[in-house]
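Let me begin by presenting the structure, written as C-alpha cells, before commenting on it.
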C-alpha cells in the first residue's frame, strides 16, 4: 500500500489514477472540493474506484481541512457517497517528523 504524502494537485490527478492502476494499491489524499472533483472525474473516466483519504490540518496550516469545519464534514460526506472514490478515512500528519 502506498499513500501520497501530500494532497495531489488537481492537474496531476490523471497521473495518480494511472499509477494506481499499475501498482497494487495507491491511496490519494485530497483536501479540497476541487481536488476531490478532479480525482472523481479521472477515476470515472478510467472506470476505477480510487482509494482516498481526507487530509486534516494538524495546526500548521500547510495542507488539509480544519477538522471541525463544515467543509470537512461536507467533503467527507461527498467522498463517502462517491461511486468512483473509496473513502478510507481521515489522515493527519504533524509534519515535523
For the stretch 65-85, what are the residues that are touching a helix residue (DSSP H, G or I) at 6+ places or on another chain (Cβ under 9 Å) and within 14 Å of residue 30 (Cβ to Cβ)?
65, 71, 74, 75, 78, 79, 82, 84, 85
Which pairs turn up if I take residues in the stretch 71-90 that are free of Cβ contacts under 8 Å to residues at least 12 places away in the same chain and at positive phi and look for partners that are buried (at least 17 other Cβ atoms within 10 Å of the Cβ) and assigned to a helix (DSSP H, G or I) with beta carbon separation below 9 Å, at least 6 apart in sequence or on another chain?
none
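Considering every residue within the stretch 52-63, establish whether at least one is touching a strand residue (DSSP E or B) at 6+ places or on another chain (Cβ under 9 Å) and farther than 17 Å from residue 27 by Cβ.
yes
Taken together, the values in this text are just the output of simple stated rules run on the coordinates, not laboratory data. Note that the structure is a prediction, hence the values are computed from the model and not measured. All Cβ positions, glycine included, derive from the backbone under ideal geometry; neighbour counts span all protein chains shown.
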